[in-house]
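Below is one structure; the comments refer to it alone.
The values are calculated or read from the model by the stated rules, or taken from the named source; none is laboratory data. Not measured: the values here are computed from a predicted model. All Cβ positions, even for glycine, are placed from backbone atoms using ideal geometry, and neighbour counts span all protein chains on display. These area figures cover heavy atoms from the full protein model, side chains too; ligands, DNA and RNA do not enter into them. Shrake-Rupley method; radii C 1.70, N 1.55, O 1.52, S 1.80 Å.
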Amino acid sequence: MAVALLNLTGLGLGYVLVRRWFRAFLCWVATGWLLLAALPADPDGMSGGLVTGYLLALAVAAGDGAWTARRAAVGGSWRPVVAAGAGLVMLAVPAGGAVYYGSAQDEAVEQMLLDRLDEGNRTVEAASAKPFGAAQQDYRSALAVYRELGEDHAGSRAGKLVPARLDAYYRAIAAPYRQKKHCEAIEPLTYLRSVPDSIDPGLLGDLARYPDEPLAISLYACGVSQLRDGSAGASGGALGELLRTFPGSPQAGQVGPAVSKEIAARTGAVRGDDPCAATEQLRQLRATTASLPGKDIAALTKDADGGIRDGVYACGLDEFKDKEFGEARRTLTGFADTYRKDKRRGRAQDIAIAAEIADTRPEAGKRLPPGSAPGSARMELVISNDAPDGVEILYTGPVTGRVAIKGCGSCTSYSWSTGALRACKSTGKSYPHVTLRLPAGEYHFLYKHREGSAGSGADATSYADGSKIEPGYRYTGCTYVTSSTSFGSGLIDPAAAG
């Protein structure tokens, strides 16, 4: 029994007691092999096969030692009873070793968890140096580490550090907000609002509610800047998101006054140096305002409508002054078609006519048409049409307007050389005509073939000319088409007064 107990210690002392040195050496080899395999302690511990093999070796050594000691003398002055007692005491060695190894293994696990925590911390630190869009996956990876440590290893030293690390995690992601980069802060703050769905809210504490106020502030500040630079878009941009996400927040209550102030600023800008750009910006602002939730805010579009109306008119005048006659005609024609009850409609139509003439005859655009007709006497101008197609005549000078003459069904085109000599001079033929009564002054005319008319002049081009109307005369004119499909007009000649 003494030898068996001493061999169970793993030190081969039972064999030493009976002087079986080789067998004691084998025990030492087995124990040394176990120590080399087990130390230093690993978080995963020793393999089950290794432990089973070693325990089997101890059992064999104890049985063999007991059997051998039946016929062997005890070495030295040891008595068997004393040796057995020593064996029982020595069993504390492997038991203590097992306890120590368990403690070492627990420490190895703790170190492993701390290493994982440090890895998550380093990931957050590296991610904080990158834009959020590029770093988002890194932040998610770090959160997964914190979630595992905080939920699955809450009692470990690493697990107890997770709440503090989550605080640093939130600070790193919310850095753009603290730097007052409000548009840049919206995406990371929105992400932080979703974090409580991915981790135990108990680990977050007050952090779970932290992003709401900074996100509302950032949405408002960014939204106002979008109003100013016109980048809000049809969805309302950040302000639309604010009103949909935090409708009861103090920041949501500030949206209406901010929109109203911006509309007023844009409305004032249409009277500035660049009314066309200001009007376009006001249109964009109106579209944004109309898309924002809430009837009170949407009602502000009426304030923008008045500014847009003034802006379109001012833009047309500015384009005319800048010699952009084609744009001026389109702008002012659109104004007249859209705002039929506006008192400036007639004036806009006159300027559009002058712009259309000036697009072909630039001299007509040297100045805006007069705002009112002169009160002096008027001379009669009779224009006849010797063309198979209808013609529209635009004129500008002391007065501006347009008239149309129907086509002459029995008329034909002329050669280039005979048109000016023979047009409108056929005896006994009644030509369609129109009579204008014009104050004296310089006039510019544009003769336009009426599209859709049937006849030989269906492809005739427009023709522009200038004439001077003097007091005391009656004037006549003639329009005709040459065989080259050019649209022409005879010179306006004065006839005898009266």
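Only one residue in A168, A216 is within 30 Å of E148 (Cβ to Cβ), modelled with pLDDT of 90 or more and in a helix (DSSP H, G or I), so which one is that?
Result of the check over A168, A216: A168.
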Inset, instruction - Would you please name the residue that is modelled with the lowest pLDDT, looking only at residues in segment 376-423 that are touching a Lys or Arg at 6+ places or on another chain (Cβ under 8 Å) and among the acidic types (D, E)? - result: D389
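Regarding segment 173-184, can at least one residue be identified that is at pLDDT 90 or above and at positive phi?
There is at least one residue in segment 173-184 that is at pLDDT 90 or above and at positive phi.
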Inset, instruction - Being hydroxyl-bearing (S, T, Y) and farther than 18 Å from C478 by Cα is the filter; apply it to segment 366-384 and report the residue that is most open to solvent (accessible area, probe 1.4 Å). - result: S372
Inset, instruction - Can you give me the number of residues within segment 188-216 that are open to solvent by 50 Å² or more (accessible area, probe 1.4 Å) and either among the charged types (D, E, K, R) or within 21 Å of the chain's Cα centre (by Cα) (or both)? - result: 8
Inset, instruction - Could you grab me the full set of residues in segment 363-377 that are more than 16 Å from D350 (Cα to Cα) and free of Cβ contacts under 8 Å to residues at least 40 places away in the same chain? - result: G375
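Given the residues A387, A304, A298, which is the only one that is closer than 30 Å to P247 by Cβ and buried (at least 22 other Cβ atoms within 10 Å of the Cβ)?
Values: A387 fails: closer than 30 Å to P247 by Cβ; A298 fails: buried (at least 22 other Cβ atoms within 10 Å of the Cβ).
Checking each option against the conditions leaves just A304.
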Legend entry - Only one of T338, T289 that is closer than 17 Å to A265 by Cβ and not charged (D, E, K, R): T289
Legend entry - Condition check for L227: more than 19 Å from A142 (Cβ to Cβ), crowded, with 18+ Cβ neighbours inside 10 Å and not basic (K, R): yes
Inset, instruction - Residues being within 15 Å of A464 (Cα to Cα) and among the acidic types (D, E): count how many of those fall in segment 376-406. - result: 1
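Could we say that A185 is buried (at least 19 other Cβ atoms within 10 Å of the Cβ), in contact (Cβ under 8 Å) with a residue 24 or more places away in the chain and under 19 Å from T245 (Cα atoms) here? Can you show your working first?
Working: buried (at least 19 other Cβ atoms within 10 Å of the Cβ): yes; in contact (Cβ under 8 Å) with a residue 24 or more places away in the chain: yes; under 19 Å from T245 (Cα atoms): yes.
Spelling it out, A185 is indeed buried (at least 19 other Cβ atoms within 10 Å of the Cβ), in contact (Cβ under 8 Å) with a residue 24 or more places away in the chain and under 19 Å from T245 (Cα atoms).
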Legend entry - Single residue of T288, T267, T279 found to be open to solvent by less than 40 Å² (accessible area, probe 1.4 Å) and touching a residue at least 60 places away in the same chain (Cβ under 8 Å): T288
Inset, instruction - Tell me, please, whether a residue that is open to solvent by 80 Å² or more (accessible area, probe 1.4 Å) and closer than 20 Å to Y210 by Cβ can be found in segment 129-146. - result: yes
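Which of the residues belonging to segment 395-411 are open to solvent by 90 Å² or more (accessible area, probe 1.4 Å) and either in contact (Cβ under 8 Å) with a residue 60 or more places away in the chain or within 14 Å of S384 (Cα to Cα) (or both)? Don't jump to the end; show me each part of the working.
Taking segment 395-411 and keeping what is open to solvent by 90 Å² or more (accessible area, probe 1.4 Å), we get 402, 406.
Scanning segment 395-411 gives a single hit, K406.
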Legend entry - Output for segment 232-243, where each listed residue is surrounded by 15 or more Cβ atoms within 10 Å (Cβ to Cβ) and either of a type outside the set (A, V, I, L, M, F, W, C) or in contact with a strand residue (DSSP E or B) (Cβ under 9 Å, 6 or more places away or on another chain) (or both): G236, G237, G240, E241
